[in-house]
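Asks: Once you've had a glance at the structure underneath, I'll fire off some questions.
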Amino acid sequence: MIQAAGPVRAGRWLNRTVLGIGLASLFSDWSHEIATTVMPAFLATMGGAALWVGVIEGLSDGLSSLAKMASGYHTDKLRRRKPVAVLGYVVTALGTASFGLATAGWHILLARSLAWLGRGVRQPVRKALLAGAVTPDTYGRAFGFERMMDTLGAILGPVSAFLLLGAFHHHYPSLFAVTLVPSLIAVAIVVFVVREQERRPVPHVSFGEQLKSLPAPFRKFLVAVGLFGAGDFAHTLLILLATQRLTPELGATRAASIAVGLYVLHNVCYAGFAFVAGLLADRFAKQRVLAAGYALAAAMALAIILLPPTVWTLALIFILGGIHVAVEETLEDSFCAELVGTEHHGMAFGTLATVNGVGDFLSSIVVGVLWAWAGTTVAFSYSAVLFIAGAVMVSRLAPVPTAPTPPAGRVAP
């Protein structure tokens with residue numbers, strides 16, 4: 001049923017769609033973070049955990065990146081994107097829960113690949129729905145709110161996993177089955193709460209033609225994002241860094257516990273600063289705020305190289321890491337929405353997600369190899385140089401002229 005909707009007023013950003021997408025992100029991330037937290041221990045019961053974790057993470061991320069690009073391209077041609085988002089959430093839920101059926105590492109590989117395929121399909125669609133639910137002058141707050149809710153799920157997931165491991169006495173099939181509860185809540189929220197603005201689909205063109213139709217400023221933005229992303233290593237490496245640096249003084253067990261605690265601090269800073277980053281995005285030129293976030297990443301890398309290895313300096317490093325990720329993810333999404341017309345949001349968000357996915361995959365490998373072969377100074381100097389180059393490049397992008405707010409159309413429930 002199609003229902004009429006009144007115009008979206010400037011500043012009225014926390015509507016049912018924004019709230020629904022935020023809650024769906026929270027519950028879905030809560031679900032798969034439970035599974036991700038216990039997956040290494042589950043794999044250890046089968047043997048070869050380290051090898052399988054690397055293979056599973058790499059292949060799953062690669063498949064997810066391809067799915068993001070394909071989803072963004074195809075959903076721009078649809079009158080309604082929401083059913084694709086629902087399908088993505090369902091596939092992720094089933095793939096994550098099916099971890100419990102595994103009896104070998106390759107079973108986990110198939111299940112995780114299925115879950116990340118669904119995650120890749122839904123991500124550009126979710127962002128397009130979010131951008132369509134608000135006015136351009138509130139993109140920052142809307143995307144900051146969604147990132148904040150998603151990160152709350154990333155905090156609740158590991159805590160829940162710790163509690164569930166004790167409750168189920170390490171019976172992994174039961175634990176993975178529990179992940180269906182928050183993930184199916186996420187599906188229900190998207191189905192019954194999120195509303196989609198009725199839209200006119202773009203005419204059918206080839207993938208290459210649609211990619212070329214994206215504006216030149218957006219393509220320059222992708223180059224800056226790719227440059228930064230080539231050094232943007234996975235922050236789980238910070239846990240390894242803290243463990244290694246604290247072990248000589250504190251011992252391996254206590255060092256590992258403190259490292260995990262610092263990573264929780266990292267995620268708390270990420271969740272707490274995501275909405276602040278959104279507010280800044282709506283008040284100042286987005287490319288300047290994003291450049292500041294990239295500069296914080298460079299400060300984090302330089303702190304790793306230059307500061308002595310104490311708990312307090314490591315805490316600063318983790319705090320800088322959490323804040324820079326909050327700024328980076330919120331501003332990249334909101335600036336992307338501003339640079340591209342709403343009719344091409346699916347393709348734009350899919351392309352952005354793919355560039356980020358490829359960068360995440362390559363940067364962690366390069367930093368890990370440099371760390372192993374030449375030490376942390378060389379590894380994180382590589383990242384710092386790319387962070388600074390990305391900050392300079394994105395700061396030089398031209399600001400986007402403020403367009404008048406278009407009248408809202410009708411919405412599909």
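The values are calculated or read from the model by the stated rules, or taken from the named source; none is laboratory data. Nothing here was measured: the structure is a model prediction, and the numbers come from that model. Reconstructed Cβ throughout: ideal geometry from the backbone, glycine too, with neighbour counts over all protein chains shown.
Asks: Pairs needed: first member in segment 161-172, free of Cβ contacts under 8 Å to residues at least 60 places away in the same chain; second member anywhere, in a helix (DSSP H, G or I); C-beta distance under 6 Å; at least 6 residues apart or different chains.
Replies: From segment 161-172, the pairs are PHE168/SER174; PHE168/LEU175.
Asks: Also, quick follow-up: For the structure I just gave you, tell me whether LYS127 is in contact with a Gly (Cβ under 9 Å, 6 or more places away or on another chain) and in a helix (DSSP H, G or I).
Replies: Yes, satisfied.
Asks: Condition first: at pLDDT below 90 and not in a helix (DSSP H, G or I). Now tell me which residues in segment 134-171 satisfy that.
Replies: PHE168, HIS169, HIS170, HIS171, listed by residue number.
Asks: Still on this structure, please answer the following. What pairs can you find where one residue is in segment 249-266 and free of Cβ contacts under 8 Å to residues at least 60 places away in the same chain and on the phi > 0 side of the Ramachandran plot, the other is of a type in the set (Ser, Thr, Tyr) and surrounded by 15 or more Cβ atoms within 10 Å (Cβ to Cβ), and their Cβ atoms are less than 7 Å apart, with a gap of 6+ or different chains?
Replies: none
Asks: Of the residues ARG219, ARG141, which single one is among the basic types (Lys, Arg) and over 23 Å from ARG283 (Cα atoms)? Write out each step before concluding.
Replies: Numbers: ARG141 fails: over 23 Å from ARG283 (Cα atoms).
Going through ARG219, ARG141 in turn, just one is among the basic types (Lys, Arg) and over 23 Å from ARG283 (Cα atoms): ARG219.
Asks: Being more than 26 Å from GLU33 (Cα to Cα) and crowded, with 21+ Cβ neighbours inside 10 Å narrows it down to one residue among ALA291, ALA299, ALA259, ALA303; which is it?
Replies: Going through ALA291, ALA299, ALA259, ALA303 in turn, the sole match is ALA291.
Asks: Which of (1) in the same structural domain as GLU57 (by TED's automatic domain parsing); (2) surrounded by 14 or more Cβ atoms within 10 Å (Cβ to Cβ) is the odd one out, the single condition GLY166 does not satisfy?
Replies: Just one mismatch for GLY166, condition (2).
Asks: Has segment 385-401 got any residue that is at pLDDT below 95, assigned to a helix (DSSP H, G or I), touching a helix residue (DSSP H, G or I) at 6+ places or on another chain (Cβ under 7 Å) and closer than 25 Å to HIS266 by Cα?
Replies: Checking segment 385-401: not a single residue is at pLDDT below 95, assigned to a helix (DSSP H, G or I), touching a helix residue (DSSP H, G or I) at 6+ places or on another chain (Cβ under 7 Å) and closer than 25 Å to HIS266 by Cα.
Asks: Let me ask something else about it. Please verify whether segment 224-232 includes one or more residues that are surrounded by fewer than 16 Cβ atoms within 10 Å (Cβ to Cβ) and small (Gly, Ala, Ser).
Replies: No; the residues of segment 224-232 include none that is surrounded by fewer than 16 Cβ atoms within 10 Å (Cβ to Cβ) and small (Gly, Ala, Ser).
Asks: Answer yes or no as to whether ALA301 is assigned to a helix (DSSP H, G or I), among the aliphatic types (A, V, I, L, M), touching a residue at least 24 places away in the same chain (Cβ under 8 Å) and closer than 23 Å to ASP137 by Cα.
Replies: Taking the combined requirement at face value, the residue does not satisfy it.
Asks: Here are some residues: LEU59, LEU117. Which one is buried (at least 18 other Cβ atoms within 10 Å of the Cβ) and under 30 Å from VAL366 (Cα atoms)?
Replies: LEU117
Asks: Sticking with this structure for a sec: Quick one: would you say THR310 is among the β-branched types (Val, Ile, Thr), modelled with pLDDT under 90 and either surrounded by fewer than 23 Cβ atoms within 10 Å (Cβ to Cβ) or in the same structural domain as ASP232 (by TED's automatic domain parsing) (or both)?
Replies: Taking the combined requirement at face value, the residue does not satisfy it.
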